[in-house]
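K.L.:
Here you go, one structure.
The values are calculated or read from the model by the stated rules, or taken from the named source; none is laboratory data. Please read all numbers here as calculations on a predicted model, not as lab measurements. As a convention, Cβ positions derive from the backbone with ideal geometry for all residues, glycine included, and neighbour counts pool all protein chains shown. For accessibility, only protein heavy atoms count, side chains too; no ligands or nucleic acids. Shrake-Rupley method; radii C 1.70, N 1.55, O 1.52, S 1.80 Å.
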Amino acid sequence: MPLARSLSVTSLSGMEDWDEEFDLEDAVLFEIAWEVANKVGGIYTVIQTKARLTAEEWGENYFLVGPYVESNVRTQVELIEPTNPVLKRTIDKMNSSGCKIYFGRWLIEGSPYVILIDVAYTAWSLDTWKSELWENCGIGVPWFDREANDSVLFGFLTVWLLGEYIAQSAEPPHIVAHFHEWLAGLGLVLCRQRQLSVATVFTTHATLLGRYLCAGNVDFYNRISEFNLDKEAGDRQIYHRYCIERAAAHCAHVFTTVSQITAIEAEYLLKRKPDFVTPNGLNVKKFSAVHEFQNLHAQSKNRIQEFVRGHFYGHLDFNLDKCLFLFIAGRYEFSNKGADVFLEALARLNYLLRVNHSDVTVIAFFIMPARTNNFNVETLKGQAVRKQLWDTAQTVKERFGKKLYESLLVGQLPDVSKMLDKEDFTIMKRAIFATQRQCQPPICTHNMLEDSSDPILNCVRRIGLFNSSADRVKIIFHPEFLSSTSPLLPMDYEEFVRGCHLGVFPSYYEPWGYTPAECTVMGIPSVSTNLSGFGCFMEEHIADPSAYGIYILDRRYRGVDESCNQLTSFLFQFCKQSRRQRIIQRNRTERLSDLLDWRYLGRYYISARHMALAKAYPDTFMYEPHDPTSTTGFRYPRPASVPPSPSLSRHSSPHHSEAEDNDEEDERYDEDLEAEKDRMNIRQPYSLPFKNKLPSVHGANGYTDGVTSDKN
């Protein structure tokens with residue numbers, strides 16, 4: 001029988017067929033965000049990775065609009081003259097009126113055009129524009145909020161740009177303006193207030209009030225309907241920001257958000273139900289051979305092992321071949337990102353591994369940037385000692401090899417007792433004495449500025465995990481983003497993730513979650529939650545996520561202690577997997593990358609823009625709402641054979657996982673056969689009807705719904 005599931009706007013097979021292709025020849029798309037060519041957070045990744053697909057769809061009529069930041073422009077943008085004559089006249093007119101607008105190509109995949117606005121250059125207009133905002137919209141912005149001041153300048157300059165573009169056009173153009181987050185949202189509000197002929201889309205990636213409330217340790221999701229929104233925003237001094245965000249959501253022709261969990265949040269906090277859920281994707285690069293990404297994992301793992309050898313010098317009493325690398329990474333939000341739950345689960349895992357006399361050692365990395373003043377001397381010394389030992393071993397090896405060569409050259413078997421002389425033994429003894437250490441290996445790789453009040457370090461002190469020899473769980477806190485130029489751990493983030501065995505992201509507040517998505521694309525299993533957009537998306541589209549290396553932690557219907565126990569169970573069962581089982585699981589995880597490809601997920605953005613065009617220009621464009629009851633969705637089925645995975649795995653309460661531990665089934669695992677079955681359960685990427693090209697023929701793999709048999 002088919003695997004059934006509830007339908008939603010994130011159903012990959014739940015999107016409607018277009019009766020006619022939209023003619024975008026005379027339409028122009030402006031995508032506006034504060035993070036265009038300006039990395040601040042996750043929205044930068046969304047826009048950067050999506051740009052190639054959008055540029056293919058819109059061609060020369062796609063323009064990204066963002067702030068001018070000189071340090072970023074030097075390294076990311078090639079400044080050129082506008083090729084569009086209307087846009088050239090628009091920019092020239094604004095520059096002659098006291099603005100500074102730059103035009104260029106963003107040097108990323110797709111090479112999209114960017115329009116960069118120097119907000120500081122027009123700061124002299126701030127008070128005037130604030131007065132206008134208050135008089136026309138009733139929103140007052142305090143003088144001390146620099147971010148809000150920037151949003152006012154950016155918003156007024158953006159609407160000026162759009163209005164001038166319309167004025168410079170010979171015929172009224174069809175414009176779509178897609179605004180991301182509250183920092184860009186004021187431009188949308190002003191577009192509607194000034195009645196510009198522009199189709200508007202507003203995407204919120206995380207609500208302001210939701211992030212602040214979750215950081216305050218409240219039972220957010222179970223009390224979401226009870227909050228006095230105005231009071232909560234006022235108490236946190238963000239009422240003006242909240243007003244801008246809420247106004248943008250209500251003024252937009254189409255309102256979207258990035259996940260189902262954030263859609264619920266937006267409906268309560270912003271008082272508008274999103275028209276679309278637009279999940280975030282990545283540009284997935286497939287390997288020609290399955291084993292290639294496994295080889296990359298082995299290479300990166302070896303580099304992490306080298307760092308571990310130095311960090312734990314003098315206490316390297318565990319087998320690195322039986323060592324598992326776990327990690328958590330992201331903004332340093334101790335509770336929102338779930339670092340508190342992860343640390344508590346590690347303490348419980350340490351107890352289980354010790355009482356069960358396990359020979360597995362777990363090393364957990366915390367990659368969360370915090371305030372530091374330099375590298376820890378003891379950590380740097382560890383890497384120096386490791387390098388010195390390596391040089392010593394190489395020296396002795398060369399001397400040994402030379403004597404062996406000379407002995408064989410004269411036709412004699414070497415006398416092993418004479419191959420190493422006293423000098424060699426002296427060198428080796430000195431090297432061994434140099435590895436002696438009187439203190440425990442450090443927890444933190446850097447000197448923290450606020451050591452006594454740091455949440456992670458205080459929690460480590462409470463649970464007592466100090467990297468002692470008796471502990472089977474070790475902790476390394478790296479309070480800085482990874483870089484290939486670091487003298488300590490010279491690896492970039494992608495390399496590091498590939499070398500780890502499991503990413504752990506037990507977030508309480510995570511509107512989407514790029515970190516587990518990046519793990520999935522690289523074939524690394526991960527732990528997510530049913531309060532993260534990524535976790536909900538995977539839970540919806542995979543029959544048994546844990547079998548594919550996606551462990552969904554229940555943080556919505558369980559208390560903190562129960563969630564810690566569930567996470568501990570996940571980690572303990574993962575530690576009991578054999579190396580072969582982990583390889584099988586990584587293969588399955590990597591196959592899920594198709595679900596996260598922009599070639600699939602970009603459809604939701606396309607549909608949102610089409611809906612906006614139809615609402616703003618009903619005489620030119622037509623959009624027929626889709627009836628979700630008329631189609632059926634699909635899910636990745638449970639694999640034919642499942643390597644042992646957490647026996648207490650749950651989708652989320654009250655759904656039970658279908659996974660069972662079965663060693664006999666594991667023996668008949670056929671990788672190629674199973675991969676082919678998985679490929680049959682997801683259709684080929686959607687082909688865009690690009691301009692100036694023949695329209696694509698959509699066959700059975702394009703739009704028709706697939707029915708999955710339980711035989712798979």
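K.L.:
Quick check: residue separation of N228 and S97 times 0.36 nm, minus the Cα distance between them. What number comes out in nm?
P.N.:
Working: separation 131, 0.36 × 131 = 47.16 nm, distance 4.40 nm.
That works out to 42.8 nm of additional length.
K.L.:
Given the Cα-Cα distance of M428 and W143 and 0.36 nm per residue of separation, how much length would full extension add, in nm?
P.N.:
Details: separation 285, 0.36 × 285 = 102.60 nm, distance 6.68 nm.
In short, 95.9 nm is gained.
K.L.:
I'd like the FRET efficiency for S453 and S407, computed as 1/(1 + (r/R0)^6) with the beta carbon distance as r and R0 of 51 Å, rounded to 0.05.
P.N.:
Values: r = 64 Å, r/R0 = 1.25.
After rounding, the FRET efficiency stands at 0.20.
K.L.:
Continuing with the same structure: What nm value, rounded to one decimal, do you get for the distance between L352 and R236 when each label is placed 7 Å out toward the C-beta?
P.N.:
3.4 nm
K.L.:
Further, regarding this structure: Can you give the extra length, in nm with one decimal, that the chain gains between R437 and R272 once fully stretched, where that is 0.36 nm per residue apart less the Cα-Cα distance? Don't skip to the end; give the middle numbers.
P.N.:
Details: separation 165, 0.36 × 165 = 59.40 nm, distance 6.07 nm.
Residue separation times 0.36 nm, minus the Cα-Cα distance, leaves 53.3 nm.
K.L.:
Something else about it: Among A263, H240, L324, whose Cα sits farthest toward the positive end of the charge dipole of region 229-354 (+1 at Cβ of Lys/Arg, -1 at Cβ of Asp/Glu, about the Cα centre)?
P.N.:
The Cα lying farthest towards the positive end belongs to L324.
K.L.:
Something else now. Any idea which of N530, M491, F572 is furthest toward the positive side of the dipole for region 486-605, if Lys and Arg beta-carbons carry +1 and Asp and Glu beta-carbons -1?
P.N.:
The one lying farthest along the dipole's positive direction is F572.
K.L.:
Over region 353-491, what percent of the accessible surface lies on carbon and sulfur atoms, probe 1.4 Å? Walk me through the numbers on the way to the answer.
P.N.:
Working: 4610 of 8060 Å².
Accessible surface attributable to carbon and sulfur in region 353-491 totals 57 percent.
K.L.:
Per residue, how much accessible area does region 471-609 show when a 1.4 Å probe rolls over the protein heavy atoms, in square angstrom? Display every interim value, and only then the final one.
P.N.:
Numbers: 3040 Å² over 139 residues.
Computed with neighbouring chains in place, this is 22 Å² per residue.
K.L.:
Please give the per residue accessible area of region 398-452, computed with a probe of 1.4 Å over protein heavy atoms only, in Å².
P.N.:
On the way: 4170 Å² over 55 residues.
Accessible surface, normalised per residue, equals 76 Å².
K.L.:
Please give the FRET efficiency for R331 paired with S125, using the beta carbon to beta carbon distance and R0 = 41 Å, rounded to the nearest 0.05. Spell out each step's value before the answer.
P.N.:
Details: r = 33 Å, r/R0 = 0.80.
For R331 and S125, the calculated efficiency is 0.80.
K.L.:
Same structure, new question: Taking the Cα-to-Cβ direction at R461 and at F375 and moving 7 Å from each Cα, how far apart do the two end points lie in nm?
P.N.:
2.6 nm
K.L.:
Straight-line reach from K337: which lysines fall under 21 Å, measuring Cα to Cα and dropping same-chain residues less than 8 apart?
P.N.:
Hits, sequence-local ones excluded: K39, K474.
K.L.:
Considering only protein heavy atoms and a 1.4 Å probe, what is the carbon-and-sulfur percentage of the accessible area of region 99-233? Please report the intermediate quantities before stating the final value.
P.N.:
Values: 2550 of 5350 Å².
Carbon-and-sulfur percentage of accessible area, whole number: 48.
K.L.:
I'd like to check one number: the per residue accessible area of region 180-267, probe 1.4 Å, reported in Å² as a whole number. Intermediate values should be presented prior to the final figure.
P.N.:
Values: 2960 Å² over 88 residues.
Computed with neighbouring chains in place, this is 34 Å² per residue.
K.L.:
Right, next: What spacing in nm lies between the two simple spin-label points modelled at E135 and L107, each 7 Å away from Cα in the Cβ direction?
P.N.:
Placing both labels 7 Å beyond Cα along the Cβ direction yields 4.5 nm.
K.L.:
Between A393 and Y557, what FRET efficiency follows from the Cβ-Cβ distance if R0 is 51 Å, with the result rounded to 0.05?
P.N.:
On the way: r = 55 Å, r/R0 = 1.07.
For A393 and Y557, the calculated efficiency is 0.40.
K.L.:
Along its three principal axes, how long is region 441-521 when you only count alpha carbons? Whole Å, largest extent first please.
P.N.:
35, 33, 29
K.L.:
When the dipole is taken about the Cα centre of region 311-433, and only Lys, Arg (+1) and Asp, Glu (-1) are charged at their Cβ, what size is it in debye, to the nearest 20?
P.N.:
Details: 17 positive and 14 negative charges, 42 e Å.
Its charge dipole is roughly 200 debye.
K.L.:
Bin width 5 Å, alpha-carbon pairs only: give the P(r) of region 204-286 as whole percents, running from 0 to the bin holding the largest distance.
P.N.:
3, 14, 26, 23, 17, 9, 4, 3, 1, 1
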